[in-house]
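The values are calculated or read from the model by the stated rules, or taken from the named source; none is laboratory data. Quantities reported herein were computed from a predicted structural model and do not represent experimental measurements. Methodologically, a virtual Cβ is constructed for each residue, glycine included, from the backbone with ideal geometry; neighbour enumeration extends over all protein chains shown.
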Protein chains: 2
Amino acid sequence: MIEAMARWGPDATGRLQAAALGLYAKQGFEETTVAEIAARAGLTERTFFRHFADKREVLFAGSERLEQIIVGGVAAAPAAAQPFEALAAGLRAAAAVFTPERRDYARQRRAIIAANAELRERELIKLFSLASAIATQLRSRGVPDPAAGLTAEAGVGVFRVAFDRWIEKKNERDWSVLVDESLAELKEIIAAA
Amino acid sequence: MIEAMARWGPDATGRLQAAALGLYAKQGFEETTVAEIAARAGLTERTFFRHFADKREVLFAGSERLEQIIVGGVAAAPAAAQPFEALAAGLRAAAAVFTPERRDYARQRRAIIAANAELRERELIKLFSLASAIATQLRSRGVPDPAAGLTAEAGVGVFRVAFDRWIEKKNERDWSVLVDESLAELKEIIAAA
């Protein structure tokens, strides 16, 4: 009965994610099976596969949504916004995902990815995909090349730096604040040259 | 006798590279064997493996040298140079590799990599490695974080944009000119915000 409820319940995804992360951290990503994840979440393997294609997708299921939110933020910037301002609006929009409650999850996820070459590569590909998607959105706003590509590439750099700070154990600042700070720092670095 | 000379000759690497690129372009990377590459270059398989670990390394053997040259350029920038100026010096130093004679090779190589997911991933990993190496060098110059990371990430973006322009069929401008142009454009984009 608990299984029957959980299977369709809004929390099954979260329980599977928490169970997977716990096991990946404890015994390693390679060594963990879907059966173990499902058992730890109190669910069946079949339920796992209703939520995730495989054990790797537990870690990357959110990447597509994150990209959509950032691209949506770029699209929603005022028509008069300069490319770098539109980028900033997109990066700030990720605050919808990077909430204070998600920080522990994000930090654990990062540590698991850092420990596995295949996962690190997958994460890089997702970041590359993010840069491409931002550049495409900027072009559809009328930003020409190479400005669209340069802005998007610099944007992913800012994203990475802001993310590293956001997941720091001692950090208590919100995502948007860290994005603005990193953007301001990049501006300062470039202006100083 | 020709084989005996070529095996140790300075040109064996170049002949193997040219043979490999021709075959990868004609019949695909996956479908090409080391035996075919060696035969086309007029060399033996044994000679191939004396120069390259595998058929993928024919495409990536130069990446390490490129990284060393760029990092060396950052290291050689005057102590008083700002982080972004040191980065610019590093990127310009790649002109030693990106000579006009290498443009056709670079363009063919890029097309082969673009056609294969595994090769695209490998190329991304090399770019990530480049960003990390630049950041490390900037830190050893006394640049603090996050400035070191931000500068390096923006630098790889500039590198990618300059590279795309450099290999364009109609391009006749030198690598350094394109680097400076891309750096100036990034500066303008950021100053406009």
- Considering each residue of the stretch A:149-164, count those that are surrounded by fewer than 23 Cβ atoms within 10 Å (Cβ to Cβ) and modelled with pLDDT of 95 or more, and give that number. 1
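Given the criterion in contact with a helix residue (DSSP H, G or I) (Cβ under 7 Å, 6 or more places away or on another chain), without any contact (Cβ under 8 Å) to a residue 24 or more places away in the chain and not charged (D, E, K, R), identify the matching residue among A:A53, A:A80, A:A88, A:A38.
A:A38
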- Query: What number of residues in the stretch A:43-57 are assigned to a helix (DSSP H, G or I) and in contact with a Leu (Cβ under 7 Å, 6 or more places away or on another chain)?
  - Reply: 2
- Hey, does the stretch A:41-52 have a residue that's at positive phi and surrounded by fewer than 21 Cβ atoms within 10 Å (Cβ to Cβ)? yes
- Message: Can you tell me which residue is farthest from B:E118 (Cα to Cα) among those in the stretch B:22-42 that are outside any helix (DSSP H, G or I) and of a type in the set (D, E, K, R)?
- Response: B:E31
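Somewhere in the stretch A:90-108, is a residue more than 18 Å from the chain's Cα centre (by Cα) and more than 14 Å from every other protein chain (Cβ to nearest Cβ)?
No: the stretch A:90-108 contains no residue that is more than 18 Å from the chain's Cα centre (by Cα) and more than 14 Å from every other protein chain (Cβ to nearest Cβ).
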- Message: Just to verify a result, which residue in the stretch B:92-141, among those that are outside any helix (DSSP H, G or I) and of a type outside the set (S, T, N, Q), is surrounded by the most Cβ atoms within 10 Å (Cβ to Cβ)?
- Response: B:F98
- Task: Output the number of the condition that B:T151 fails; it satisfies all remaining conditions of (1) away from chain A (no Cβ under 14 Å); (2) under 19 Å from A:E188 (Cβ atoms).
- Result: (1)
